[in-house]
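I have placed the structure first, in the form of structure tokens, so that the comments after it can refer back to it.
Taken together, the values in this text are just the output of simple stated rules run on the coordinates, not laboratory data. Since this is a predicted model, take the numbers as computed values, not measurements. Here the Cβ positions follow ideal geometry from the backbone for every residue, glycine too, while neighbour counts run over all protein chains shown.
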């Protein structure tokens with residue numbers, strides 16, 4: 001049975017720096033003549049070229065060279081992974097980081113896990129509510145298209161043991177900022193896991209000048225409405241650890257995307 005959806009009301013504090021709020025652009029209209037596609041292309045070029053975290057780069061390259069038995073004949077991407085989806089998306093999904101033999105191999109978020117892995121689990125729920133055109137995500141050329149949705153991550157390189165350090169998370173914030181700034185229509189953010197949840201509220205503080213005190217507590221199904229027509233929904237991450245143990249069921253994840261759909265009003 002799914003956990004009850006919680007709604008969190010937190011006190012909202014504007015930053016005391018007057019120019020911080022005024023400098024935040026109206027996200028419903030393009031800045032100058034820059035299109036979302038052009039802005040995303042620049043953001044993604046910077047992500048792929050990033051070498052800020054030596055530990056992560058070394059790990060990804062090593063995994064791509066050593067590989068595993070199932071993918072020994074594959075050419076691994078082994079570089080930082082940009083987000084993907086609809087440039088006009090109203091729904092932004094923020095995950096943790098690429099999987100070592102998933103996105104680090106294929107170069108696309110939540111893509112390339114074994115059948116029934118975290119990517120398929122996520123895509124099945126998204127497909128059920130019209131955010132994806134198919135319920136599976138196996139490789140970059142599998143025909144998957146996201147509809148009114150975009151998938152990003154807190155960290156863009158696969159971390160050892162799926163545990164990025166706080167410093168690595170901080171260094172990667174600029175990439176999440178750039179993708180968020182390039183998506184002018186975002187109304188709902190789904191944060192997959194506690195790390196992504198915390199990253200989302202830091203993102204809103206940096207890019208929107210909105211600080212919630214106390215910061216809303218993470219819970220599966222938690223819903224937080226903030227100004228500027230935004231809502232944040234929490235979800236357990238669809239990792240094997242969570243799905244194999246029943247901590248996260250397909251029904252629970254589908255309810256998260258049902259809530260996102262209701263928030264969008266269509």
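Dividing the helix sum by the residues of the chain, where each DSSP H run of 4 or more adds -39500 (n - 2.57), gives a mean residue ellipticity at 222 nm of -11000 deg cm²/dmol.
For the chain, a Kirkwood hydrodynamic radius built from all Cα pairs, placed in the Stokes-Einstein relation at 20 °C and 1.002 mPa s, yields a translational diffusion coefficient of 115 µm²/s.
In terms of packing, defined here as the mean over residues of other Cβ atoms within 10 angstrom, the peptides 62-72, 198-208, 238-248, 180-190 line up highest first as 180-190, 198-208, 238-248, 62-72.
What ranking do 104-112, 74-82 get when scored by the average of other Cβ atoms within 10 Å per residue, highest first?
On the way: 104-112: 25.4, 74-82: 21.0.
Per-residue Cβ counts within 10 Å, averaged per peptide and sorted highest first, yield 104-112, 74-82.
The residue 185 and residue 114 beta-carbon pair, evaluated with R₀ = 35 Å, returns a calculated FRET efficiency of approximately 0.55.
If R0 is 35 Å, the Cβ-Cβ spacing of residue 217 and residue 174 corresponds to a FRET efficiency of close to 0.85. Contact order for the chain, expressed relative to its length and based on alpha carbon pairs under 8 Å spaced 6+ residues apart, stands at 26 percent.
For the pair residue 139 and residue 194, a Förster radius of 22 Å applied to the C-beta separation gives a FRET efficiency near 0.15, rounded to the nearest 0.05.
Seen from all directions on average, the range 110-228 presents a Cα convex hull projection of 8.3 nm².
Extension gain, residue 251 to residue 147, is 35.4 nm, computed as 0.36 nm per intervening residue step minus the present C-alpha separation. Evaluated at q = 0.19 Å⁻¹, a Debye calculation over the C-alpha positions of the range 185-266 (equal weights, vacuum) places log10 I(q)/I(0) at -0.82.
Annotation: peptides 155-167, 40-52, ranked by per-residue average of other Cβ atoms within 10 Å with the highest first, follow the order 155-167, 40-52.
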